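The values are calculated or read from the model by the stated rules, or taken from the named source; none is laboratory data. None of these values were measured; they are calculated from a predicted model. All Cβ positions, even for glycine, are placed from backbone atoms using ideal geometry, and neighbour counts span all protein chains on display.
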Amino acid sequence: MSLPYDQLAAIRLGFGLSPRLTGPADPAGVAASVAAAMSAGDSVYMDGVRQMQIELRRLLLIARKGGQVEDEAYRSHRRGMNDRYLRAIVDRFARIMDDPSGFGERLVAFWSSHFAVRGGAPHANLMTAALVDEAIRPHLTGRFADLMFAAETHPAMLIYLDQVGSVGPNSVSARRNPDKVMGLNENLAREMIELHSLGVGADYTQQDVEALARLLTGLTYSARQPGVFRPAQAEPGADTVLGRSYGGDSATLNDIRDVIEDLASHQATASHIARKLAIHFIADDPPPSVVERLANVFRDTAGDLGAINLTLAEAPELATQYRQKLRQPHEFLAASLRSLGLTGDDIRGFSRKQIRQVLLNPMAVMGQPWARPNGPDGWPEEAEAWGTPQGLAMRINWAMGQPSRLVRQLPDPREFLTMALGEAASEPLRWAVPRAESRSQGIALVLASADFNRR
Amino acid sequence: MISRRLFLTSAALIGCSAAAHPLLTPMAFASAPGDNRLVVIILRGAMDGIDAFQPYGDKNLRRVRQTLSLGPDHGAKDLDGFFALHPGLHGLWPLWQAGQLGFAPAVSTPYRDKRSHFDGQTMLEAGTGTDLDLDRQQDGWLNRLLQAMPNQSWETAYSIGAEDMRILQGPAATSSWAPEANLAISPQAMRLLTHVYHHDPLFREAGERAMAIAAGLEAEGKLVPDRKEHLALAQFAADRLNRGTRIATFSLAGWDTHARQAANLPDMLERLSETILALRDGLGSHWGSTTVMAMTEFGRTVHENGSAGTDHGTGGALLVAGGAVRGGRAMGDWPGLAEGDLYDGRDLMPLRDIRAYAAWAMHAKFGIAQTVLEQAVFPGLDMGSDPRLLA
């Protein structure tokens, strides 16, 4: 099996082949294509989220004053926020449909899982979308340190990893409110080191975590106050993290930027990020060669993600480790819709009900409820986590039931087989597809196959 | 383009179909669609007509079929001393007695030799002959029929269900609807998936349990309470036909009985039977003006295969039902099952073009002229003599 590079890259680094679009034909083109994912789409920004959150609280108070738990004005505003969130989800899928390469959107998904947050309430959901649009997209080809700083200081992260509840015990705020119990919360500090930069196996101690937690005090979020830094909550004094002292004078966000710069450029971080990228894009158990190459580029370029992207696009392991990865549910749905020729506008035209029936409910049954990973470690990578009987059952059912509802005229399954898998369809699938009982069943066989569900 | 299920689309189509045939100008026809109703059910996967209507009077049947099509001695109902009705279709027995059920045992489209479901269905739905490239078939013959009907509107013709119905696609505006429930995963689909998963250890292991779960899931991820999608299709069709609709079409898939046909076919035949009865019940007094035609892309091999099933064949059966039908009889001749009678040495010899039956029915029901039927609706068809399908 030898696929032309554009097909190989589309399947391994993007969301598969499309009857409408042809991806870039060389690694430089694939790396350059990431720029498309950096532009603003139907983006969610924190400024807007703050306003919506403030208004929702105001309406709630009015309803309570009127003796109600909630009234129509409140419910209507909340519905509006939920609709805005659905639009953000739709935008994610729509961009994939119209992106010839898909690599940029895959990187968006990768970094969203690396800097995982979890929504819940309407404003929290919107913040998860804002983190993607504000913190991740602009830095896809930039420096890892800038990406990390933007993600760690984003309100969605500050809320999710409990930084909003972390106050220096000797801070101005704590001293002013002696009756209130205020103290450190180590959660963000720990995950910054353990998950986001050095990795759990690296050489750091509990003292480093505690020192970083003290250094991070002051970082918080409140809808009514602009910015994310309140010096009054910061613990005074210098803190030593991994052997270097930060702060000491009046606390500023710059101390936090400094420590993130150092964490981001740590030797262990290069290895950790390289390994995670290789596991996501190459194989669950990637060859050491590609991990080492990525780590070297990371070190040599001080975490230049553009250079990392190019290294991935050039990796010979894209071909040698073909189909070692299972597509995650999000990728499976996006790849299916893409292969069926849907456009971004088709997706944007989905009704609320369709968004749930075609995208959100199936994803949840497949084990990937939208933007709700189990923990800060993001979505699992290993094939066994996704290839469960329940998850596969939902993929089969989606493949059997949805395409004919989404597409006016299904393609001939024999042509679809070649279109969706290039020349790489396995012998059993080539045998089976022409034997399907109907067009829709033939299409379903392709979409439900191991060939299509692997990349 | 997007949702055939959420919108009752007025489907003047995108990127499909050439201009209407010059003969298809409604102006040319005086008679209105009136009260007559036509339901076309496509049986996807190739129904075994020899098992549905068992020719037990043919002395060769026992030679070619050992475990299938066992005739009146094994539960089939004798119809006319030669054919017997498969037990799965016994629900239709009252219709047979009332002269509202008939069948043509040996018909086919012009499709020959390749025996591909997709191509066979494309030809059946396109209604064309072998002179046109199948890849270029976009329009269906029901749409061309519609173009020839006066006073047609967006609701004159309906395609129902999630399945792609090419038979109704074309320039004339039509409507479509699909129920919430999902198509069942057929035994053939499970066999093919099992084959596809076999070489991948992860999928092989998860696949078997997944298929058991999938049988109870909807495409939207909810558990299906029961498997009665065919009734939903029939009830919706009846409801529309009781109003402004005159042509309805939908499909039932799952007829590809390569293995264990004795276990798998009864369920499909019962579904077909329940579907037709639901149409009758739902149509009430309009049943009298209704013709139902259940067509399949081709028949199945005369001989049983090694896995107690049958493979893709050529000649097959057309089922017709309805108050308008002159039923209680087999229509057309029987070619016989002796070795020398078979097509290509393996298949039932088709004796008549299935399109001729449909054409004569449309001629009788909708007053469409024979020249229009032979040149525009079914280009190149020789309708031959009138089988007098309808009462």
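Can you tell me which residues in the range A:187-209 are part of a loop (DSSP other than H, G, I, E, B), crowded, with 19+ Cβ neighbours inside 10 Å and more than 19 Å from the chain's Cα centre (by Cα)?
To start, the set of residues in the range A:187-209 that are part of a loop (DSSP other than H, G, I, E, B) comprises A:197-205.
Filter again for crowded, with 19+ Cβ neighbours inside 10 Å, leaving A:197-198, A:204.
Listed by number, the residues that qualify are A:198, A:204.
Six or more apart or on different chains, Cβ under 6 Å: which pairs go from a residue in the range A:352-364 that's under 17 Å from residue A:79 (Cα atoms) and outside the structural domain of residue A:85 (by TED's automatic domain parsing) to one that's part of a helix (DSSP H, G or I) and not small (Gly, Ala, Ser)? Could you list them?
A:355/A:86
Of these, A:237, A:227, which one is surrounded by fewer than 21 Cβ atoms within 10 Å (Cβ to Cβ), more than 24 Å from residue A:156 (Cα to Cα) and not charged (D, E, K, R)? Show your work before the answer.
Values: A:227 fails: more than 24 Å from residue A:156 (Cα to Cα).
Within the list A:237, A:227, the selection yields A:237.
Just to be sure before I move on: is residue B:162 surrounded by 20 or more Cβ atoms within 10 Å (Cβ to Cβ), within 14 Å of chain A (Cβ to nearest Cβ) and modelled with pLDDT under 85 in the structure I sent?
Working: surrounded by 20 or more Cβ atoms within 10 Å (Cβ to Cβ): yes; within 14 Å of chain A (Cβ to nearest Cβ): yes; modelled with pLDDT under 85: yes.
Taking the combined requirement at face value, the residue satisfies it.
Can you find a residue that is farther than 30 Å from residue A:422 by Cβ, surrounded by 13 or more Cβ atoms within 10 Å (Cβ to Cβ) and within 28 Å of the chain's Cα centre (by Cα) anywhere in the range A:57-74?
No - not one qualifying residue is present in the range A:57-74.
Here are the criteria: (1) in a helix (DSSP H, G or I); (2) modelled with pLDDT under 95; (3) more than 8 Å from chain B (Cβ to nearest Cβ); (4) in contact with a helix residue (DSSP H, G or I) (Cβ under 7 Å, 6 or more places away or on another chain). Tell me which single one residue A:440 does not satisfy.
(3)
I'm checking my understanding of the structure. Among residues of the range A:253-283 that are in a loop (DSSP other than H, G, I, E, B) and in contact with a Leu (Cβ under 9 Å, 6 or more places away or on another chain), which one is nearest to residue A:300 (Cα to Cα)?
Per the criteria, the residue is A:266.
Tell me, which helices (runs of 4 or more DSSP H) lie completely within the range A:319-369 with 3 or more residues that are farther than 11 Å from residue A:90 by Cβ and at pLDDT below 95?
Values: elements: A:329-339, A:344-348, A:361-365.
Output list reads A:361-365.
So residue B:66 clears everything in (1) over 20 Å from residue B:349 (Cβ atoms); (2) at pLDDT 95 or above; (3) not in a helix (DSSP H, G or I) except one condition, right? Which one?
Condition (2) is where residue B:66 drops out.
Please identify the pairs in which a residue from the range A:388-404 that is more than 7 Å from chain B (Cβ to nearest Cβ) has its Cβ atom under 8 Å from the Cβ atom of a residue that is not aliphatic (A, V, I, L, M), counting only partners at least 6 apart or on another chain.
Final answer for the pair search is A:391/A:329; A:391/A:367; A:395/A:329; A:395/A:332; A:395/A:453; A:399/A:336; A:403/A:336; A:403/A:440.
Does at least one position in the range B:301-314 carry a residue that is modelled with pLDDT of 95 or more, closer than 24 Å to residue B:257 by Cα, of a type in the set (A, V, I, L, M, F, W, C) and more than 17 Å from the chain's Cα centre (by Cα)?
yes
Looking for something under 22 Å from the mean Cα position of the chain (by Cα), of a type in the set (Phe, Trp, Tyr) and within 27 Å of residue B:64 (Cα to Cα) - is there at least one such residue anywhere in the range B:281-291?
Initially, the range B:281-291 is screened for residues under 22 Å from the mean Cα position of the chain (by Cα), giving B:281-283, B:286-291.
Within this subset, residues satisfying the condition of being of a type in the set (Phe, Trp, Tyr) are B:287.
Checking which are within 27 Å of residue B:64 (Cα to Cα) leaves us with none.
The answer is no, given that none of the residues of the range B:281-291 is under 22 Å from the mean Cα position of the chain (by Cα), of a type in the set (Phe, Trp, Tyr) and within 27 Å of residue B:64 (Cα to Cα).
Please verify whether the range A:337-346 includes one or more residues that are within 11 Å of chain B (Cβ to nearest Cβ) and small (Gly, Ala, Ser).
yes
I need the helices (runs of 4 or more DSSP H) fully contained in the range A:1-89, keeping only those with at least 2 residues that are closer than 25 Å to residue A:330 by Cα and in contact with a Lys or Arg (Cβ under 6 Å, 6 or more places away or on another chain). Give the derivation first.
Values: elements: A:5-12, A:27-32, A:46-65.
Those helices (runs of 4 or more DSSP H) span A:5-12.
For the range A:304-322, does any single residue satisfy the condition of being over 15 Å from residue A:109 (Cβ atoms), touching a residue at least 24 places away in the same chain (Cβ under 8 Å) and at the interface with chain B (Cβ under 9 Å from one of its Cβ atoms)?
Among the residues of the range A:304-322, not one is over 15 Å from residue A:109 (Cβ atoms), touching a residue at least 24 places away in the same chain (Cβ under 8 Å) and at the interface with chain B (Cβ under 9 Å from one of its Cβ atoms), which makes the answer no.
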